1. Name the single residue that is surrounded by the fewest Cβ atoms within 10 Å (Cβ to Cβ) among those in the stretch A:185-204 being of a type in the set (G, A, S) and assigned to a helix (DSSP H, G or I).
2. Report whether or not A:E3 is surrounded by fewer than 14 Cβ atoms within 10 Å (Cβ to Cβ) and assigned to a loop (DSSP other than H, G, I, E, B).
3. Looking at the stretch B:48-64, which of its residues are assigned to a helix (DSSP H, G or I), farther than 11 Å from A:V33 by Cβ and not basic (K, R)?
4. Which of (1) more than 28 Å from the chain's Cα centre (by Cα); (2) at pLDDT 85 or above is the odd one out, the single condition A:E170 does not satisfy?
5. Any residue at all in the stretch B:4-17 that is crowded, with 18+ Cβ neighbours inside 10 Å and modelled with pLDDT of 70 or more?
6. Just checking, which of B:R37, B:R82, B:R70 is surrounded by fewer than 22 Cβ atoms within 10 Å (Cβ to Cβ) and out of contact with any His (no Cβ under 6 Å at 6 or more places or on another chain)?
7. Name the residue that is farthest from B:I143 (Cα to Cα), counting only residues in the stretch B:23-78 that are aliphatic (A, V, I, L, M) and free of Cβ contacts under 8 Å to residues at least 12 places away in the same chain.
8. Which residues, counting only those in the stretch B:153-184, are away from chain A (no Cβ under 13 Å) and in a helix (DSSP H, G or I)?
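The values are calculated or read from the model by the stated rules, or taken from the named source; none is laboratory data. Predicted, not measured: the structure shown is a model, and the values here were computed from it. Counting neighbours? That spans all protein chains shown, and the Cβs are built from the backbone with ideal geometry, glycine included.
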Amino acid sequence: MNELSPRARDLIRETRGAEELSAEAKSRVLDAVHAKLATGTLSAAMTAWYVLGALAAVGGAIALVAWALSAPNTSPRERSVVSQVELANEQSAPSIETSPSEATPAPARTTAIRARPPASPVAPRARDRSAMRRATRSETRASPAEDAVVIESVVREADEPPLAPTQSVEESAPESPVVRSSLAEETEMLRAAHRALAHGAPGEARSILEDHARRFPDGVLALERDATRWVALCAIDPTPGVVHGALGFLRMHPHTMHEERIRRVCRVPGNSL
Amino acid sequence: MALSAPMTDLDANVAEGLAFDDVYARHADFVHAVLRRLGVDRDRSEDALQEVFLVVHRRLHTFEGRAALRSWLYGIAVRVSRAHHRREAFSRLWTPLFSASETIADDRDASEGAERGEGLRVLDRLLDTMPRERREVFVLVEIEELTVVEVAAIVRCNVNTARSRLRLARCDFERALARHHAREERRLR
């Protein structure tokens, strides 16, 4: 259809101009436009401030998260212990330097240590664990003699007098003799087991270690004991059951410093985990 | 005031900068009429007019005068009416939940019909039968007397598409008008 009918044209013609906006409505709309433009400017400024505030908040949150992630992965208690120990080390540095700790055997060392200020019974455990962790990370040796040295260093570090997390050096409580004596006993038993292994007596080592397991089932050196026990068992008779058990131990403790030694003695292949 | 008033001298001087209030004073009436013909309700027409002139205020400095100011205003009015229809369609989704508001709308239509001219009421009813795209082209060509090329630029479509829409819109309009007359004759009998 190219054109409208005359009837339709008439209708359109007669409606032209039939609807006008009243002057009052026109001025009302104009006022509304001006008001909206004014509030629009204000709201644009407010929006800019809101955006800036939101950006600052997001930036702060990101900085907080970054700080939290970059902080050492330790609990507040551990951080407190570490800081206290560092402070104590600084204060007791002369006595350490003058003591013949690095060259003398353990008993002499123990004597020197006992002359130091006493510490609370809570801290030694945390300190022992951190010493164990450090030793585990740094050590890669495999022979029984070397293991004995490792355990020696672990025990030496563990024997150092730690400090209570909330007390200063002067205020720290006296150390529990039970904890100290048990740690010394554990150390002595493991040393004996390693000596037996080094002298080709794995059966004796095994009995010492089982005795240790009975007396200190959750001892500080329990992991050391278990690792050495698998070495001793494999040295006695590397049956498939024993090798399987050693493999299970390595699976549970993939980063143990005894891994290489257990693999060698138990003949566990490197890719079997 | 005629809906298609001749171009003012403002159109010729747009490049030199236009005063917003002048533009409003000269064109508010026809923009309002266009909005109404494009299907914006009477009670929402002032809001729509306000929206159009807010856009005009924001964009007036970008108007380069390549086209007539009226064509530019038509374009804005068309887009504002489309936004209005979208909002209407959305609000209609909730209408069944609020039957009271429907009743109020019916009352308003009745009073509106009483105060408005019969011809306008009929025209709007006939235009309401068309799809939106056809209605836009029909209003701009047949009522506002723009050329199809101008309308194609305003509604942003191909010229041939605009022609096709116009042809179909005319058919729709004629059919609706015939139905209206038939109803009127039945009523008078």
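1. Here the answer is A:G203.
2. Criteria met by A:E3.
3. Listed by number, the residues that qualify are B:A48, B:L60, B:H61, B:T62.
4. Of everything listed in (1) more than 28 Å from the chain's Cα centre (by Cα); (2) at pLDDT 85 or above, A:E170 misses just condition (2).
5. Checked against the condition, which is being crowded, with 18+ Cβ neighbours inside 10 Å and modelled with pLDDT of 70 or more, the stretch B:4-17 yields no hits at all.
6. Unique residue meeting the criteria: B:R82.
7. That would be B:L54.
8. B:A153, B:I154, B:V155, B:V159, B:N160, B:T161, B:A162, B:R183, listed by residue number.
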